[in-house]
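**Student:** Take this structure first; my questions come after.
The values are calculated or read from the model by the stated rules, or taken from the named source; none is laboratory data. Fair warning: this is a prediction, and the values are worked out from it, not measured in the lab. So basically every Cβ, Gly included, is an ideal-geometry build from the backbone, and we count neighbours across all protein chains shown. We work out accessible area using only protein heavy atoms, side chains counted, and drop any ligands, DNA or RNA first. Shrake-Rupley method; radii C 1.70, N 1.55, O 1.52, S 1.80 Å.
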Amino acid sequence: MVSIKNNLNNITRTIPENVTLIAVSKTQPAASVLEAYQAGQRAFGENKIQEMVEKFDILPKDIEWHMIGHLQSNKVKYMAHFVHLIHGVDSFKTLQEINKQALKHNRSINCLLEIKIASEATKFGLSFAEAEKLLKSEELKSLKNINIAGLMGMASFTDGQEIIRGEFKSLKYFFDSLQKYKSFNVNPAILSMGMSGDYEIAIEEGSTMIRVGSAIFGLRNYN
Ligand SMILES: *Cc1c(COP(=O)(O)O)cnc(C)c1O
């Protein structure tokens, strides 16, 4: 039997105060989210918009919902009224859509640029050069209803700890270099890196936000 409460306590006890824990509840039933909520957890991450909306509708309204998956632009509208932070933004086009939907609700939506740091070919994300180009672009200034609050990255799926550490290190280095782009809608303060298998390394390398699923809820049957 998995004890969600014990798992959560074990993690929150060991992470520094400046690191925010996102409980990744994708594929988990609402009852499990509620169990974590009752243990004090308030920030949850989902990777499918529809699943997040369904949980938002039935769960307590003081939950912060984080979209951590790859975005389909046509679905942004379903979460625009409540999403707390969108982690996986990797194109200007997606930012434009988020801006458009945020405007309809007269709010600003916080976004993280997803950076590709892993060597695997399948992962989404911008290169450092692409991210810089976006941050420097004139067009970005036209997006008044988004705030780029930092970066997100996923390390390679490997047992090679030094590979993982090197990838996180490179992302932290890039993150630190972004302060020069600070503007009304660029305020890099969040570095979202680290999952169940590698969050300890991520924290050592400067993560401020970890996204942890299976170490809290147990193994998932599918992704
Ligand atoms: C599923 C997922 C996680 C959590 O993965 P675990 O290994 O279960 O902790 C974190 N980040 C993203 C982007 C994910 O899709």
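**Student:** Over all directions, the average projected area of the alpha-carbon convex hull for segment 147-223 comes to how many nm²?
**Tutor:** Result: a mean projected hull area of 5.7 nm².
**Student:** While we're on this one: Give me, ordered by chain and number, the residues 5 or more places off Glu114 or on other chains with an amide H under 5 Å from its own placed amide H.
**Tutor:** Here the answer is Val89, Asp90, Leu126, Met152, since their amide H atoms fall under 5 Å of that of Glu114.
**Student:** Largest first, please: the extent of the C-alpha atoms of the chain along each principal axis, to the nearest Å.
**Tutor:** Taking max minus min along each principal axis of the Cα atoms, the chain gives 53, 42, 32 Å.
**Student:** For the chain, what is the charge dipole size about the Cα centre, in debye to the nearest 20, if Lys and Arg each add +1 at the Cβ and Asp and Glu each add -1 at the Cβ?
**Tutor:** Taking the Cα centre of the chain as origin, the dipole is about 700 debye.
**Student:** Something else: Counting only heavy atoms of the protein chains, get the accessible area per residue of segment 4-217 (1.4 Å probe) and round it to a whole Å² value.
**Tutor:** Result: 46 Å² of accessible area for each residue.
**Student:** Where both residues lie in the chain, what percent of DSSP beta bridges are antiparallel, nearest 5?
**Tutor:** 5 percent
**Student:** Name the shape class, rounded, prolate or oblate, that the alpha-carbon gyration tensor gives for segment 65-151, where a ≥ b ≥ c are the square roots of its eigenvalues, rounded holds for a/c under 1.5, and otherwise prolate holds if a/b is larger than b/c and oblate otherwise.
**Tutor:** Oblate is the answer for segment 65-151, as a/c is 1.5 or above yet b/c matches or exceeds a/b.
**Student:** Shape of segment 1-107 from its Cα gyration tensor (a ≥ b ≥ c, root eigenvalues): rounded if a/c is under 1.5, otherwise prolate when a/b > b/c, or oblate?
**Tutor:** Verdict is prolate for segment 1-107.
**Student:** What percentage of the solvent-accessible surface of the chain, computed with a 1.4 Å probe over protein heavy atoms, is contributed by carbon and sulfur atoms?
**Tutor:** 53 percent
**Student:** Kirkwood hydrodynamic radius, segment 105-177, all distinct C-alpha pairs: what's the number in Å?
**Tutor:** One over the average 1/r among Cα pairs gives 13.6 Å for segment 105-177.
**Student:** What list of ³J(HN,Hα) couplings, whole Hz, do you get for segment 18-31 from phi and the Karplus terms 6.51, -1.76, 1.60, once you set θ to phi - 60° and write x for glycine and proline?
**Tutor:** My calculation for segment 18-31 gives 7, 9, 8, 9, 9, 7, 7, 9, 3, 6, 8, x, 4, 4 Hz in order.
**Student:** Applying a 10 Å radius around every beta-carbon, put 202-213, 180-191 in order of their mean neighbour count, most first.
**Tutor:** 202-213, 180-191
**Student:** Convert each backbone phi in segment 199-215 into a coupling constant with the Karplus relation 6.51 cos²θ - 1.76 cosθ + 1.60 (shift: θ = phi - 60°), then list the ³J(HN,Hα) values in order as whole Hz, x for Gly and Pro.
**Tutor:** Coupling constants for segment 199-215: 5, 5, 5, 4, 5, 4, 9, x, 4, 10, 8, 10, 10, 10, x, 4, 5 Hz.
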